[in-house]
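Have a look at the structure below before the remarks.
The values are calculated or read from the model by the stated rules, or taken from the named source; none is laboratory data. Worth saying up front: this structure is predicted, and the values here are computed from it rather than measured. Glycine gets a Cβ as well: all are built from the backbone with ideal geometry, and neighbour counts include every protein chain shown. When the accessible area is computed, the model is the full protein with side chains, heavy atoms only, and any ligands, DNA or RNA have been set aside. Shrake-Rupley method; radii C 1.70, N 1.55, O 1.52, S 1.80 Å.
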Amino acid sequence: MARFFEIVELSNGDIALRRADEQDGDALVSIHFSDDAKASLQAHHMDIARVMIEAGVRKVGELSGMEVEREDFEQPEYQQQLH
């Protein structure tokens, strides 16, 4: 069974990677930007976090011998924010 992951912005402002089928589960990875970093990135902190997570997933794939396709990281038409 294939597992799908999603990148979401949590109510506390952190960006998290989690299993799509585990809405209430713990995040596999979370990224916290300080208020200063968010201010300097303006509205781009989600894009920066997505690229950081993509790099991590690619490295894990490389280390485990799996190939990660570019299409796996297509940006969704909408951005999900949890409250």
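What to note about this one:
- Here the peptides 35-43, 17-25, 53-61 are ranked by packing, the mean other Cβ count within 10 Å, and the order with the highest first is 53-61, 17-25, 35-43.
- Rounded to whole Hz, the Karplus (6.51, -1.76, 1.60) HN-Hα couplings of the range 21-32, x for glycine and proline: 8, 10, 4, 9, x, 5, 5, 6, 8, 9, 10, 10
- For the range 1-68: accessible area per residue (Å², 1.4 Å): 69 Å²
- Solvent-accessible area, 1.4 Å probe, carbon plus sulfur percent, for the range 1-41: 49 percent
- Span from the the range 31-49 Cα centroid across to the the range 1-26 one, whole angstrom: 18 Å
- Spin-label pair D47-F4: with each label point 7 Å from Cα along the Cα-Cβ axis, the two points sit 2.5 nm from one another.
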